[in-house]
Each structure stands twice: as structure tokens, then as C-alpha cells.
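Peer 1: There's a structure below that I have some questions on.
The values are calculated or read from the model by the stated rules, or taken from the named source; none is laboratory data. It should be emphasised that the depicted structure is a prediction, and the values quoted were computed from it without experimental measurement. Cβ placement follows ideal geometry from the backbone for every residue including glycine, while neighbour counts extend to all protein chains displayed.
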Amino acid sequence: MSGQTIFITGASAGFGAACARIFAQPGNRLILTARRIDPLLTLQEELAGTADTHIIPLDVRDREAVQGAVDALPPAFREIDVLINNAGLALGLEPAHQVNLDDWETMVDTNIKGLMYCTRLILPGMVARNRGHVVNISSTASSWPYPGGNVYGGTKAFVTQFSRNLRCDLLGTKVRVTCIQPGMAETEFSKVRFKGDEEKAAKVYEGAEALTAGDIAETVYWAVSRPAHVNINTLEVMSIDQAWAPFAIHREKQ
Ligand code: NDP
Ligand code: 8X3
């Protein structure tokens, strides 16, 4: 895993930052992107001496900015080997008929369109070099519905199916595609979902041992470090304290 150039979206927190830490090895070059520059600078400082890093303040919803960021990569960082499409978010848990439509739009723009832009702009180089790996962070919410998961789960279902379709398009090349579907993991995810309400966010994980960002980074690292002829298609990863619910049945009062 040395000599790799790794482009990570959403590297300012959670899974993305943990991926940066695990891939930070001598000889690797990390491109760390997110909207917030301060945590990226802190991470860059932390990783100094372990890997070369290039940080880019980037909102993946901004197609031109993604194009500009890819076009302006310094020569040493241009040949991307691994793209970790991780930037994403859930907003709210309201039922569909009460939800804030702007929140739905933000999730679509980030989780679907942002991931599309990064993939479309970085993939041609991988195909031209006949080498590369796209890792898409989906979710258990892509397969398993839950109340309030409405558009968030829908965006992650897109990520899962898009990953499979990419595999079809890339057949005949040596470019790999992996889709990771994590379950409940304690990061800034719930704080973002509940718009800064830390108490509500903490309740999501209360009394249970959630996955950590490091668990998911290890999973990504494992998938990427398989021999070049092995493609890990999809991995669903859950905490031991999480499982599926039974079917919900509404009963009229008896
Ligand atoms: P965090 O909130 O801790 O991290 C999310 C990251 O995404 C941040 O670095 C944030 O950076 C970045 N991000 C959000 N919006 C944008 C944007 N428009 N442009 C660029 N970067 C953006 O959450 P997680 O680490 O948990 O989430 C990472 C991914 O994992 C997401 O796709 C999420 O849906 C998925 N996931 C999370 C699970 C969980 O339980 N935690 C489970 C399953 C999947 P910044 O705000 O600085 O832009
Ligand atoms: C995050 C996990 O269950 O909150 O994707 O949707 S969940």
C-alpha cells in the first residue's frame, strides 16, 4: 500500500478523517477534501511526516469547484489510485409528508450528485492508466428502510446501485469498485442529522456500542489492499449491538 495517491472526500471528520489516518503511510500521497478548512489543516499537521498531504476546501455539490480542484492538482498528486467517495450526510428524521424539502435537496446534491461529479472527473485518469479503485460509502440504509430514512436511504440506494453499474462499465479494465454499507457508527453524523442538537445525537448511541470511524477505515483499507485481481463488490458492516427490526404492523385499536 505504498506509493498510492488517495483522494478522500469528507476528510474533515468521521470516516473520511479515519481513512486519512489509516492510509497515511510513507510513500502515500493524500488529497484531503471537505468544506471546513480548519479540521483539514489540523489533520494535515497531525499527518506531517507520515505521508504527503494536499488539502482542498471543497463542496462536492459544486460541480465546477470539483472540476477546478481536480484540474489544479499539483503534479505529484495527479495520478489518483484510490478515490474514497465518503462525503455525505443525513438531515432530519421527519416523515416524508413533514420533511423540509431543502433538506431532501441537500442530501441528493451531496450524497448523489457530489459523488457523481467526483467519480466522473477522476475515473478517466484511472481508466487511462488501467489502475485504480473507487470506494463508495453507502449505508445499511440503502437496503433496509426505517421511518424517517426516506430520501437519505434513497440516496444511499443510488450509491449501492451506481457502484454495481460502475463495475459493469469498467469490466475489462483493472479499475476496481467497492461499496461499503456501514450501520450505526458514532461520528458527527447524528449531530449533523439533528442540526447541532448534541443531546439528541448522543441518544442514538446511548447504551450501545456503535461502530467507530476507525472500524470503517479499516474496512476500506482491507478492501483496497486486496491483491489487484480481487474486487470486493459490497460489504455490509454493523455493530454487534445492531440488527434488523421485525415488520411494522399498524393495528386499529381493539
Ligand atoms: P461525519 O458527519 O462525521 O462526516 C461527514 C463528512 O462529510 C465531513 O467531513 C463533512 O465535511 C463532509 N461533507 C458533508 N457535506 C459535504 C459537502 N457538501 N462537500 C464536501 N464534504 C461534505 O459523518 P460520517 O463520517 O459518519 O459520514 C461519512 C459518510 O458515511 C457519509 O456519506 C454518511 O452518509 C455515511 N454513513 C455514515 C454512517 C454513520 O452511522 N455514521 C453509517 C453509514 C453511512 P464538511 O462538513 O467539512 O464539509
Ligand atoms: C447511517 C446509518 O441507520 O442512521 O447511514 O441510516 S443510519
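Peer 1: In the stretch 211-234, what count of residues is obtained for those that are surrounded by fewer than 17 Cβ atoms within 10 Å (Cβ to Cβ), part of a loop (DSSP other than H, G, I, E, B) and within 19 Å of the chain's Cα centre (by Cα)?
Peer 2: 4
Peer 1: So if I check each of Ala208, Ala201, Ala185, which one is within 11 Å of ligand 1 (Cβ to nearest atom), over 19 Å from the mean Cα position of the chain (by Cα), within 30 Å of His97 (Cβ to Cβ) and of a type in the set (A, V, I, L, M, F, W, C)? Outline the logic, then answer.
Peer 2: On the way: Ala208 fails: within 11 Å of ligand 1 (Cβ to nearest atom); Ala185 fails: over 19 Å from the mean Cα position of the chain (by Cα).
Matching residue, one of Ala208, Ala201, Ala185: Ala201.
Peer 1: Related question: If Val82 satisfies every condition in (1) touching a His at 6+ places or on another chain (Cβ under 9 Å); (2) within 15 Å of ligand 2 (Cβ to nearest atom) but one, which is the exception?
Peer 2: Evaluating Val82 over (1) touching a His at 6+ places or on another chain (Cβ under 9 Å); (2) within 15 Å of ligand 2 (Cβ to nearest atom) leaves (2) as the failure.
Peer 1: Restrict the check to the stretch 156-178 and report whether at least one residue is near ligand 2 (Cβ under 8 Å from one of its atoms) and either on the phi > 0 side of the Ramachandran plot or under 15 Å from the mean Cα position of the chain (by Cα) (or both). Walk me through it before giving the result.
Peer 2: Step one: list which residues in the stretch 156-178 are near ligand 2 (Cβ under 8 Å from one of its atoms), which gives 156.
Keeping just the survivors that are either on the phi > 0 side of the Ramachandran plot or under 15 Å from the mean Cα position of the chain (by Cα) (or both) gives 156.
Within the stretch 156-178, one or more residues are near ligand 2 (Cβ under 8 Å from one of its atoms) and either on the phi > 0 side of the Ramachandran plot or under 15 Å from the mean Cα position of the chain (by Cα) (or both).
Peer 1: Going residue by residue through the stretch 40-48, is there one that turns out to be in contact (Cβ under 8 Å) with a residue 12 or more places away in the chain, within 17 Å of Val134 (Cα to Cα) and surrounded by fewer than 24 Cβ atoms within 10 Å (Cβ to Cβ)?
Peer 2: Taking every residue of the stretch 40-48 in turn, none turns out to be in contact (Cβ under 8 Å) with a residue 12 or more places away in the chain, within 17 Å of Val134 (Cα to Cα) and surrounded by fewer than 24 Cβ atoms within 10 Å (Cβ to Cβ).
Peer 1: Further question: Filter the stretch 166-201 down to residues that are among the hydrophobic types (A, V, I, L, M, F, W, C), over 25 Å from Ala20 (Cα atoms) and surrounded by 13 or more Cβ atoms within 10 Å (Cβ to Cβ), then give me how many there are. I'd like the intermediate steps shown before the answer.
Peer 2: In the first step, residues of the stretch 166-201 are kept if they are among the hydrophobic types (A, V, I, L, M, F, W, C); the result is 166, 168, 170-171, 175, 177, 179-180, 184-185, 189, 192, 194, 201.
Narrowing the set further to residues that are over 25 Å from Ala20 (Cα atoms) leaves 168, 170-171, 194.
Subset that is surrounded by 13 or more Cβ atoms within 10 Å (Cβ to Cβ): 170, 194.
Going through the stretch 166-201 one residue at a time, the tally reaches 2.
Peer 1: For the stretch 1-113, which strands (runs of 3 or more DSSP E) that fit wholly inside it have 2 or more residues that are more than 10 Å from ligand 1 (Cβ to nearest atom) and under 25 Å from Thr160 (Cβ atoms)?
Peer 2: The strands (runs of 3 or more DSSP E) meeting that bar are 5-9, 82-85.
Peer 1: For the structure I just gave you, tell me whether Pro57 is farther than 19 Å from Ser12 by Cβ and at pLDDT 95 or above. Quick ask: steps written out before the conclusion?
Peer 2: Details: farther than 19 Å from Ser12 by Cβ: no; at pLDDT 95 or above: yes.
No: the conditions fail for Pro57.
Peer 1: Test each condition in (1) closer than 11 Å to Thr178 by Cα; (2) of a type in the set (Val, Ile, Thr); (3) assigned to a loop (DSSP other than H, G, I, E, B) for Ile240 and report the one that comes out false.
Peer 2: (1)
Peer 1: Separate question: Go through the stretch 123-137 and give me each residue that's in a helix (DSSP H, G or I) and over 19 Å from Gln161 (Cα atoms).
Peer 2: Pass one, the stretch 123-137, residues in a helix (DSSP H, G or I): 123-129.
Hits for the stretch 123-137 are Pro124, Gly125, Met126, Val127, Ala128, Arg129.
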